[in-house]
1. Where residues in segment 123-153 are β-branched (Val, Ile, Thr) and open to solvent by 40 Å² or more (accessible area, probe 1.4 Å), which of them is modelled with the highest pLDDT?
2. Considering only segment 162-177, state which residues are surrounded by fewer than 22 Cβ atoms within 10 Å (Cβ to Cβ) and either touching a His at 6+ places or on another chain (Cβ under 6 Å) or not in a helix (DSSP H, G or I) (or both).
3. With respect to Asp12, determine if the residue is among the acidic types (Asp, Glu) and either modelled with pLDDT under 95 or in contact with a Ser or Thr (Cβ under 6 Å, 6 or more places away or on another chain) (or both).
4. Among (1) more than 19 Å from the chain's Cα centre (by Cα); (2) among the hydrophobic types (A, V, I, L, M, F, W, C); (3) modelled with pLDDT under 95, which single condition is Ala53 missing?
5. Would you pick out the residues in segment 178-211 that are part of a helix (DSSP H, G or I), open to solvent by less than 30 Å² (accessible area, probe 1.4 Å) and without any contact (Cβ under 8 Å) to a residue 60 or more places away in the chain?
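The values are calculated or read from the model by the stated rules, or taken from the named source; none is laboratory data. Small disclaimer: the values here were computed from a predicted structure and weren't measured. Here the Cβ positions follow ideal geometry from the backbone for every residue, glycine too, while neighbour counts run over all protein chains shown. Surface areas here come from the heavy atoms of the whole protein model, side chains and all, with no ligands, DNA or RNA. Shrake-Rupley method; radii C 1.70, N 1.55, O 1.52, S 1.80 Å.
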Amino acid sequence: MSAASAPAPRPDPTGRRRPAAGVATDKRRLILDAAVRVFARQGFHACRVSDIADEAGVAYGLVYHYFASKDEVLDTLFLERWNVMLEHIREVDSKPLPVREKLAAIAAFIIDSYRHDPDLMKVIIVEVTRAANSFGQTHLAEIRTAYELIGAIVAKAQADGDFKDEIEARFAAMAFYGTIEQLLTGWIFGLLPQGAQEFERAKWLVVETVCGGLEHGAAGARRSLDGGAGAGQPTRRGAK
């Protein structure tokens with residue numbers, strides 16, 4: 001198809017014209033990736049749209065071509081990553097795995113997300129999930145969905161007799177995700193050592209901490225001595 005006969009950009013639901021795919025998609029991604037670096041370095045509220053444009057090496061007006069405001073940029077970054085996480089949780093839950101393996105897979109996904117893209121995870125935690133009076137409130141439904149999905153995994157384990165039912169599933173889900181988020185916060189602010197070994201051990205620690213409190217006494221104690229099922233942890237020295 002010649003350039004003259006190529007279809008014109010279509011308006012999107014917000015009224016802005018939608019450019020053709022290809023170069024346009026690359027430019028949009030370039031802006032989003034630049035925004036991650038700027039938000040992580042300067043903080044969302046301290047930066048300007050022009051800072052994002054400068055970081056991306058594009059004209060100031062091009063940012064507004066794709067996004068109505070820097071708020072929309074942050075919304076997009078959060079929803080992209082959060083929806084991938086929700087999809088991962090649903091996929092893990094659909095598999096016939098023991099509950100420990102399901103929770104271990106979720107913990108590994110979130111920790112590996114930080115490991116491979118710390119700036120993006122810093123932005124999501126600092127600027128969204130912990131921003132109770134602004135973006136956290138805006139995205140309360142999406143944040144709540146994560147807790148509900150994890151809570152459903154716990155509730156099923158309780159119904160199957162794998163977890164004791166004295167602890168509410170909703171509270172257990174909050175403790176599980178909250179533990180991971182506190183770990184990430186410790187890494188973000190340099191309060192905890194980080195490296196390949198620390199990341200791998202953290203995955204096991206999260207599951208053992210939460211599941212150890214949810215499992216019935218004998219099973220929890222036995223798994224603790226064994227280092228956790230499927231966690232790749234060595235048997236504790238001196239255990240009899």
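1. Val126
2. Asp162, Lys164, Asp165, Glu166, Ile167, Glu168 - these are the residues of segment 162-177 that are surrounded by fewer than 22 Cβ atoms within 10 Å (Cβ to Cβ) and either touching a His at 6+ places or on another chain (Cβ under 6 Å) or not in a helix (DSSP H, G or I) (or both).
3. Details: among the acidic types (Asp, Glu): yes; either modelled with pLDDT under 95 or in contact with a Ser or Thr (Cβ under 6 Å, 6 or more places away or on another chain) (or both): yes.
Yes, satisfied.
4. Ala53 satisfies all of (1) more than 19 Å from the chain's Cα centre (by Cα); (2) among the hydrophobic types (A, V, I, L, M, F, W, C); (3) modelled with pLDDT under 95 except (3).
5. Answer for segment 178-211, where residues must be part of a helix (DSSP H, G or I), open to solvent by less than 30 Å² (accessible area, probe 1.4 Å) and without any contact (Cβ under 8 Å) to a residue 60 or more places away in the chain: Gly178, Glu181, Gly186, Glu208.
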